[in-house]
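**Q** Have a look at the structure that comes next, please.
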Amino acid sequence: MSITDSFFVVTSYNEDYSWIKEYTNNYIIYNKGNPIEDDHVLNVKNISGNIKDIPEFIIANYDNLPDTIVFLQANPWDHCNRMAFNSLINNKTFTPLESYGLNPTNAYEGRTLEGGFLEKNNDWYISIINKQQNQTCKYLGFDDFMNHYFENYARVEMIRFAPGACYIVPKENILYYPAEFWQSISDDMQTKFSTESFIIERALWYIFSNIYKLKER
């Protein structure tokens with residue numbers, strides 16, 4: 001299988017990403033582990049996982065984005081098994097890359113009719129991460145983040161997102177928002193495990209879906 005017309009943006013922390021060549025030669029690795037010398041590799045600081053690298057790639061390439069971008073972790077199989085991945089990877093429309101089945105695994109989860117991942121909008125992770133990392137978060141929670149950026153956001157009881165933020169995204173969905181917006185959410189993430197990155201991970205499905213209008217600033 002070769003996906004020569006989709007561009008892969010992959011975040012790695014010392015994982016084996018050789019599998020990428022089964023799908024494409026058009027890729028960049030945001031490497032946060034041991035330095036690697038390779039034309040396809042960009043060695044970067046280990047800040048906020050792949051959630052930071054998504055806006056960073058967009059900012060760096062905003063005026064020359066590939067037509068279709070696949071944002072991935074170097075080991076995406078925990079979130080999307082190979083069979084599902086292979087069935088979705090040729091898509092040219094906005095697509096979450098996920099395979100969680102139809103049945104939630106705990107009381108905080110849900111599923112769409114198609115098996116898409118849902119999570120109760122209760123900000124359960126914020127106090128945990130703040131305490132673990134001895135840090136604070138500039139947002140009170142998911143709703144606070146969304147209301148900060150979008151003028152027509154209305155609270156959702158269940159957040160639709162793909163854990164791990166593995167998505168196929170057409171460039172039109174990215175260009176729906178200006179480069180300044182992507183810079184702003186990148187700036188929100190300043191630490192290795194920034195609490196803001198966990199909020200942004202949950203917001204990306206809505207951002208890439210172009211559901212909301214950006215507030216004027």
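The values are calculated or read from the model by the stated rules, or taken from the named source; none is laboratory data. Just so you know, these numbers come straight off a predicted model, no measurement behind them. Neighbour counts run over all protein chains shown; Cβ positions are idealised from the backbone, glycine included. Accessible surface areas use protein heavy atoms only, side chains included; no ligands, DNA or RNA. Shrake-Rupley method; radii C 1.70, N 1.55, O 1.52, S 1.80 Å.
**Q** I'd like the carbon and sulfur percentage of the solvent accessible area for segment 1-133, probe radius 1.4 Å, heavy atoms only, ligands and nucleic acids excluded. Before the final figure, lay out each step's value.
**A** Values: 3470 of 7050 Å².
After summing per-atom areas, the C and S share lands at 49 percent.
**Q** Give me a comma-separated list of calculated 3J(HN,Hα) values for segment 167-178, in order, Karplus coefficients 6.51, -1.76, 1.60 applied at θ = phi - 60°, integers in Hz, x for any Gly or Pro.
**A** These are the phi-based 3J(HN,Hα) values: 9, 9, 9, x, 4, 4, 5, 6, 6, 4, 10, x Hz.
**Q** Using a Gaussian network model of the chain whose springs link C-alpha atoms within less than 10 Å, name the residue from I29, I20, I174 with the highest mean-square fluctuation.
**A** I20
**Q** Out of residues 5 or more away from N43 or on other chains, whose amide H comes under 5 Å of its own, with H placed 1.01 Å from N in the peptide plane?
**A** So N43 has HN proximity to N31.
**Q** Further question on the same structure: Filter the trypsin sites (Lys or Arg not before Pro) in segment 6-52 down to the DSSP loop ones having no more than 13 other Cβ atoms within 10 Å, then list what survives.
**A** Passing sites in segment 6-52 are K45.
**Q** Using the Cα centre as the reference, give the magnitude of the dipole from point charges on the C-beta atoms of the chain (Lys, Arg: +1; Asp, Glu: -1; all else neutral), rounded to the nearest 20 debye.
**A** Working: 18 positive and 28 negative charges, 83 e Å.
In total the dipole reaches around 400 debye.
**Q** Expressed as a rounded percentage, what relative contact order does the chain have, with Cα pairs under 8 Å and six or more residues apart?
**A** Numbers: 371 pairs, mean separation 52.7, N = 217.
RCO, the chain: 24 percent.
**Q** Label point 7 Å out from K92 along Cα-to-Cβ: which residues of segment 1-43 have amide N under 14 Å?
**A** Correct set: 4-7.
**Q** On to the next question. Over the alpha-carbon set of the chain, work out the extent along each principal axis and list the three values in angstrom, largest first.
**A** That works out to 41, 36, 35 Å along the principal axes.
**Q** Across segment 69-76, in residue order, what do the Karplus-derived ³J(HN,Hα) couplings come to in whole Hz, using 6.51 cos²θ - 1.76 cosθ + 1.60 with θ = phi - 60° and x for Gly and Pro?
**A** 10, 10, 8, 9, 8, 5, 10, x
**Q** Report the gain in length on full extension from Y108 to D78: 0.36 nm times residue separation, minus Cα-Cα distance, nm rounded to one decimal.
**A** Fully extending the segment from Y108 to D78 adds 8.9 nm.
**Q** Per residue, how much accessible area does the chain show when a 1.4 Å probe rolls over the protein heavy atoms, in square angstrom?
**A** In whole numbers, the chain has 49 Å² accessible per residue.
**Q** Show me, for segment 138-145, the HN-Hα J-couplings you get by feeding each phi into the Karplus relation (A = 6.51, B = -1.76, C = 1.60, θ = phi - 60°), rounded to Hz, glycine and proline as x.
**A** 6, 10, 6, x, 4, 4, 5, 4
**Q** Same structure, new question: Show which lysines lie in cross-link reach of K192 when reach means a straight Cα distance below 18 angstrom and same-chain residues fewer than eight apart are skipped.
**A** Those lysines meeting the cut-off are K32, K45, K52, K131, K138.
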